[in-house]
Amino acid sequence: MKVKVLSRNPDDYVRETKLDIQRVPRNYDPTLHPFEVSREYTRALNATKLERLFAKPFVTSLDGHRDGVNCMAKHTKTLSTLLSGSCDGEVKVWNLTKRECVRTLQAHEGFVRGMVVRFCGSSFFTVGDDKTIKQWKMEAPGYGEEEEPLNTILGKSVFTGLDHHQKDAVFATCGQQVDIWDEQRTSPIRSFTWGVDSFSAVRFNPVETELLASCASDRSVVLYDMRESTPLKKVIMTMRSNTLCWNPMEAYYFTCCNEDYNLYTYDMRFLDKPITVHMDHVSAALDVDYSPTGKEFVSASFDKTIRIFAKDGGHSREVYHTKRMQHVICIKWSLDNKYILSGSDEMNIRLWKANAAEKLGVMSPREREAANYNQTLKEKFQHHPQVRRVARHRHLPKSLYHQTKELRVMKEARRRKYVFLMHFSFEASALSLSEWPRRKGHGGVMATRAAGVTYAVPPAQWKVWLVGLCPLTWAQ
Amino acid sequence: MSTTETTDPAVLLPEGLWHKLHRKPAARYWKDPQEVARKDGNNVGKTGQQQAQKANKRRLVEDSEDEEQVLSGKSDPFPGPAPIPEDRLQKFKRKDKTKTSRSQHYKLKDIITRSEETSEMAQKQAARLDLVLPEDAGFLEGDEDEDTCTISQEDIADSVDITSATKHFSLKLSQFGPYRVDYSNTGRQLLLGGRRGHVACIDWQTKHLMCEINVMESVNDVKWLHSEAMYAVAQKKCLYIYDSKGIELHCIRKFNDVLRMQFLPFHFLLVTASATSFLQYLDVSVGKEVSATCTKTGRLDVMCQNPHNAIVHLGHSNGTVTLWSPNQKEALAKMLCHQGAVRSVAVDKTGMYMVTSGMDKKMKVYDIRSFKPLKSYFLPAGASCLSLSQRGLLSAATGDIVQVYRDVWSTPVTKPYMAHRVQKAVWGMHFCPFEDVLGVGHGDGFTSLLVPGAGEPNFDGLGANPYRSAKQRQEWEVKALLEKIQPDLITLDPTELGRVDHATFEMKHQDRVQALGFDPLAKQKFVPRYKKKGRSSAGNHEKRKRKVAHEDLREDIQKTAEANVTTERERKEKKEVLLSGKRSALDRFKK
C-alpha cells in the first residue's frame, strides 16, 4: 500500500517572527477564484465611485489683480511661471509653486489684450488698448531701476491679439488686419486683410511654423502663410469664433471656440466641414487651449464653467465650476499636462487639476499599482450602464442644468421639424436624413479658396434647417 | 518574407562575415538528433491555428538569435523560453480568440489584439507558476490485487505521519445525535449540530473546543457564515445566528421551519429551504431578506449550491431537481432525475457536473451546462448523503457505510475508492477544504476520515487561507465585503457580464423607428376599395393575394440567396486571382 496524505508544515505558511511580513502563497487556479467577472465588475464600480468621491479638482486661487483677468501666457521654459494681464492694463508674473505674485507692472492704459512669451523665455510681448506693442524683460528690474519695456511700437489701430513665432524673431498681431512683425523693426513686414473686418485672435501653427490662423469678426476663420502675400483659405461659420488653438501634436487640426456655444475642430486641409463639433456649453465659448499631449483640450465659457473635451469627443468629459467663478475669459493647460489655469471676470486666476481625481504628490509603489489596477478596471467596464452612470455624473448649478435641458429640447424640436419636413413637404422631398448634421458638418458652412474667390452657395435644402438651427438667418 | 532577404548574402553582408554566421557549429555531444527534435517540439505549446503573423515574425527573430554563436563556439542546449505543458495552459484558458472581421475599425482591432496578447501572457505566466506550486495532492494506491476500498482507516493512519494520523478521529456523542456537519471556508473550524439541540464548534486540527451549547430545541441544520466568527443554526421554529463563543447574535423569525441551509460566500447570502416549501435568501452583511420564493413543491429537505454560479439546486419528492436564483420567482430549470424522491444532490466546484441520488437506489451524474445525463449507477441501498470534494472525489453514504468514489463522471465506476463503516446511520457529511479529510456526522457522534487525494493541495493566500492570522482575517473580511457581488448578478452563466450585449433585431428596429419618426417596414393598411359591380370584391381580391403571398416571399428569398452566392463566388475568384499572382493582360478589362 502506498499512501500520501496532505500534510503541510505550518512553518512554510506562517511568518517566522512578528517583524516579518505575512506570507501569501498564491494559486491562480481559476476554480479557486470563481465569479471572476462579477467580482471585477464590483471592483470597477467601487473604483469609479471612489474616483467621483476623490474628484476635487480645485487646487488654488491666485488673487491680486484689480480688474478682470483678460489674458494669460505660459512661460515657455519654466513650468512654475505664469503671466497674466488684466483689464486695467496691469501685468502680473506668478510663481505657481509658491502661489504668489512675484512681479507686477503697469503695461498699458486700458486692457491688456494679448500676451505671449518669446520662445527663448527671456522676454515677453504685450499688446493693449493703447495701440502699443511692448516687449518686456522676463527678469524683474534690479533695485532702483525703473520698470521699462525693452521696446515699444506704436501701431495705427488697436491690437486685439498677438502670437510669437516658434523659432524666429517674428511675431504676429491682429486688429483691423493681421500683421507680421520682425522684432527689430517698428513697422510690420507683412499685412493681411480679406475684406474689411477686425480680427479677434491669431495663432501660429506649432509644427508648420510659417502657417497661422486667425478668427475674424465676419464669422470666418482665415489661414495664412507668412511667406505669401495673400491669405490662404477661409471658412465662414454661422456665428463668430472667439479664439482658436492648434493641436500641438497633430498640427493640421485646430479647434475654434464659437459664439454659438460650440467648439469646432477643423482639419486645415479640408475646411468644408468640421471634423468634430464639441457641444455642452450653454453660452458662448471664449477661449480654448490644448493639452501638450494633443489628446484633450479645455475650453472656457461665458456660462461660468470650464469644460474638458477629448480631441474627438462630441461632449465634454469634465466640467469645472465654483460658486464664485464668473465668466471665464482665458484658459491655459499647463505644459506638464497636469494643471489647468483659468482667468475670470472676478479678478482671480484659478489653478485646477487636469485630472480631477488624481492624487497629487509622491505615491508609494503599492499605491501606484492599486491606482493602475483600478484605472484598468474602470476602462474595462466603462460601457456598463451602472459604471457609466456613476462616471458621467456631474453636479451642475441649477441654472446651468436647466439651460442644458432647454437647449436639448430645442435641438430635438428642430430635428423633429426636419423629419416632418422631409416627409410631408413636397419641396423638401429632396431632403434625406443623412443630411441632418448630428456632429459633423454642423457649424462649418463653406470654405473658399483665396485663388478664385468663389463663394460656394449652400445647397438649397440646407437653408431649411439652417433657418431653424441658428439665431441668424442665412445671409447670402 | 524576411528570410528571402537574408538568403541573398552577397548584397547584405561581406563574404567573410556571412560565412562566419552561417558556418555549421562544431559537433557537440549534446547535439544528437533527439535533442534537435525536442527543440523543435518546444514550440508545440505556442503553435496553433491562431498564430498570427506577428508571432511568426517573433519566431524568426528567435531562430536567428539561436543561430548567433557565443564566442566559445558553444550553443545553448536549451534555447528559448522553457516549454509549458499544453494541459497547464488549458487550465488557465479563459476564452477563445476573438474573431476579427475585415470590416472592423483598425483601432478596435488594435485594442483587441493588445488585450489578447496581455491575457495570453497572463495565461502563460500562471501556467508557469502552476509548475512550481509547493504541495502535491495526496494519493492511495493498493498493492497488486489489493483493492483500495479494503484498506481500513487504521491502516492509513498507521502508515502516514503523526500529524496526519491525528486527523483521523471519532467523537462519541450518542446522546444528542444524529449530527449535521460543516467546515468553515478555510477548513480549520468544524461545526457540529446535533438533532437534539447540541451545537459545538471545534478547531478540529488542534482539537480545541471553541464553544459548545445546547439550544434546547431541535436543530435541523448548521452552517458557517463568511468567516469562523459567526454561524447560523436552523432550529425548530426560526433561524438563529451565533458567534464563535456561542453567544446568540440574531434570531430571525421571518425564517421559520428551515430544514436546510447554504451559504454563498461571495454574495454574503444565506439561502434557506423550509418545510413550508419557501426558499429564502438572507443578506448577512446587511441583515436583509433579499428574496423569498414559494417553490410550491412541498417539504424542501434536499439542497445544494453550485459553487461556480451560485445557483441553488433543490431536490423534490417527485424526483425532480430544480434550479433557483434569487432574481426569479420561477425555477430556472427543472430536471426529472429519479423515479422516486430525490435524496441528495451535489455539484462540483467547476459547475460542470451534478450528482444526484434518489429513492430508486440510483446515483446519477448530469452535465448541468447542457442538462444531460452522463452516468447512472445502481447502489444496493441507495445513497442518503452525497458530498463532493475539491478534487472531485464523491462520497456517498448508504445507511451506516460511507463510500468514496473517484472519477464518477469520466469513467464508469465499478468499485469504490474507499469505504468505511460508522456506528450508526449517517446524517451529515462534508469534505474538509484544503485537507484530505471527510467529516461524517452520524447517530453516534462524529467521525473524521482520511481520504487521500480529496483536498486541494495549494491554497491561495488572498482567498481562503487556513493559516491566516486574526489581522489577515480582518483585512480579508473588509476586502471581501467591498467586493460583495450583488444578488442580481446571479445567473446560470457567471461570465455573461463580460460579454458583449448585442442588440436584437427588435431593439434595432425600435431605435430606427424612433430616429426616423415612422416605421419603414410597416405594411400599408388594407382599405377596401368601393366597387359596385362584379363578384370580385376588394376583400376577396385581398384574400386571394394573401393566399399566394408566400410565393412572392419565396421568390424574394431565392433571389437574395442567389445574389449572395454569386457575390461570394466573385469574391473568392478575385481572392484566388490575387493569391495566385497570375494576372493576364486582359484582366484589366474585367470588371
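The values are calculated or read from the model by the stated rules, or taken from the named source; none is laboratory data. Keep in mind the model is a prediction, meaning the values are calculated, not measured. Heads up, the Cβs are rebuilt from the backbone with ideal geometry, glycines too, and the neighbour counts pull from every protein chain shown. Each accessible area value is taken on the protein alone, full model and side chains, heavy atoms only, with ligands, DNA and RNA left out. Shrake-Rupley method; radii C 1.70, N 1.55, O 1.52, S 1.80 Å.
A few notes on this one:
- Region B:508-520 - residue that is more than 9 Å from chain A (Cβ to nearest Cβ) and surrounded by 11 or more Cβ atoms within 10 Å (Cβ to Cβ) and, of those, nearest to B:G351 (Cα to Cα): B:K508
- Some residue of region B:223-244 being open to solvent by 40 Å² or more (accessible area, probe 1.4 Å), among the acidic types (D, E) and over 18 Å from B:V181 (Cβ atoms): no
- Any hit, region A:52-75, residues being within 30 Å of B:E135 (Cβ to Cβ), in a loop (DSSP other than H, G, I, E, B) and out of contact with any Lys or Arg (no Cβ under 9 Å at 6 or more places or on another chain): no
- Only one of A:K77, A:K92 that is within 24 Å of A:S291 (Cα to Cα) and exposed (fewer than 15 other Cβ atoms within 10 Å of the Cβ): A:K77
- Odd one out for B:D145 among (1) more than 12 Å from every other protein chain (Cβ to nearest Cβ); (2) open to solvent by less than 100 Å² (accessible area, probe 1.4 Å): (2)
- Qualifying residue in region B:521-541 (condition: open to solvent by less than 60 Å² (accessible area, probe 1.4 Å), within 13 Å of chain A (Cβ to nearest Cβ) and of a type outside the set (D, E)): no
- B:L209 vs. criteria open to solvent by 70 Å² or more (accessible area, probe 1.4 Å) and either within 14 Å of chain A (Cβ to nearest Cβ) or part of a loop (DSSP other than H, G, I, E, B) (or both): no
- Restricting region B:340-357 to residues that are away from chain A (no Cβ under 14 Å) and in contact (Cβ under 8 Å) with a residue 40 or more places away in the chain, the residue that is most open to solvent (accessible area, probe 1.4 Å): B:R343
- Unique residue being in contact with a helix residue (DSSP H, G or I) (Cβ under 9 Å, 6 or more places away or on another chain), aliphatic (A, V, I, L, M) and assigned to a helix (DSSP H, G or I) when the list is B:V513, B:V577: B:V577
- Test: B:S170 is open to solvent by 50 Å² or more (accessible area, probe 1.4 Å), hydroxyl-bearing (S, T, Y), in contact (Cβ under 8 Å) with a residue 40 or more places away in the chain and more than 12 Å from chain A (Cβ to nearest Cβ): yes
- Those residues of region A:1-59 which are at the interface with another protein chain (Cβ under 7 Å from one of its Cβ atoms), over 29 Å from B:L450 (Cβ atoms) and either more than 33 Å from the chain's Cα centre (by Cα) or small (G, A, S) (or both), in sequence order: A:Q22, A:F35, A:V37, A:S38, A:R39, A:T42
- Summed over region B:469-495, residues that are more than 8 Å from chain A (Cβ to nearest Cβ) and either under 30 Å from B:T322 (Cβ atoms) or open to solvent by less than 40 Å² (accessible area, probe 1.4 Å) (or both) total 7.
- Scanning region A:409-421 for residues that are closer than 24 Å to A:R307 by Cα and either in contact with a strand residue (DSSP E or B) (Cβ under 9 Å, 6 or more places away or on another chain) or surrounded by 11 or more Cβ atoms within 10 Å (Cβ to Cβ) (or both) gives A:M410, A:K411.
- Residue ID - farthest from the other protein chains (Cβ to nearest Cβ), chosen from residues in region B:261-278 that are assigned to a strand (DSSP E or B) and touching a Cys at 6+ places or on another chain (Cβ under 8 Å): B:F278
- Of the numbered criteria (1) aromatic (F, W, Y); (2) crowded, with 19+ Cβ neighbours inside 10 Å; (3) more than 26 Å from the chain's Cα centre (by Cα), the one B:F505 fails is (2).
- Test: residue in region B:185-200 that is touching a Leu at 6+ places or on another chain (Cβ under 6 Å) and either modelled with pLDDT under 95 or crowded, with 16+ Cβ neighbours inside 10 Å (or both): yes
- Test result for B:L438, more than 8 Å from every other protein chain (Cβ to nearest Cβ), open to solvent by less than 40 Å² (accessible area, probe 1.4 Å), touching a residue at least 24 places away in the same chain (Cβ under 8 Å) and touching a helix residue (DSSP H, G or I) at 6+ places or on another chain (Cβ under 7 Å): no
- Residue selected from region A:145-177 under the condition within 23 Å of the chain's Cα centre (by Cα) and of a type in the set (S, T, Y), by the criterion least open to solvent (accessible area, probe 1.4 Å): A:T173
- Hits in region B:446-472 - residues which are among the aliphatic types (A, V, I, L, M), assigned to a loop (DSSP other than H, G, I, E, B) and touching a residue at least 24 places away in the same chain (Cβ under 8 Å): B:V451, B:A454, B:A464
- Within region B:450-468, being among the aromatic types (F, W, Y) and either more than 8 Å from chain A (Cβ to nearest Cβ) or touching a strand residue (DSSP E or B) at 6+ places or on another chain (Cβ under 6 Å) (or both) holds for no residue.
- Restricting region B:281-305 to residues that are under 29 Å from B:D243 (Cβ atoms) and assigned to a loop (DSSP other than H, G, I, E, B), the residue that is most open to solvent (accessible area, probe 1.4 Å): B:V286
Here is a yes/no grid of residues against (1) more than 28 Å from B:L492 (Cα to Cα); (2) outside any loop (DSSP other than H, G, I, E, B); (3) of a type in the set (D, E):
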| residue | (1), (2), (3) |
| --- | --- |
| A:V3 | yes, yes, no |
| A:S7 | yes, no, no |
| A:T17 | yes, no, no |
| A:D20 | yes, no, yes |
| A:V24 | yes, no, no |
| A:N27 | no, no, no |
| A:S38 | no, yes, no |
| A:A44 | no, yes, no |
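- Among the residues of this structure, B:V413 does not count as one that is under 22 Å from B:Q262 (Cβ atoms), among the aliphatic types (A, V, I, L, M) and either open to solvent by 10 Å² or more (accessible area, probe 1.4 Å) or not in a loop (DSSP other than H, G, I, E, B) (or both).
- Within this structure, B:T447 fails the test of being at the interface with chain A (Cβ under 10 Å from one of its Cβ atoms) and either surrounded by 11 or more Cβ atoms within 10 Å (Cβ to Cβ) or under 23 Å from the mean Cα position of the chain (by Cα) (or both).
- Total residues in region B:322-358, condition aliphatic (A, V, I, L, M), in a loop (DSSP other than H, G, I, E, B) and over 25 Å from B:R406 (Cβ atoms): 3
- Within region B:120-129, the set of residues being within 7 Å of chain A (Cβ to nearest Cβ) and in contact (Cβ under 8 Å) with a residue 12 or more places away in the chain comprises just one member, B:A126.
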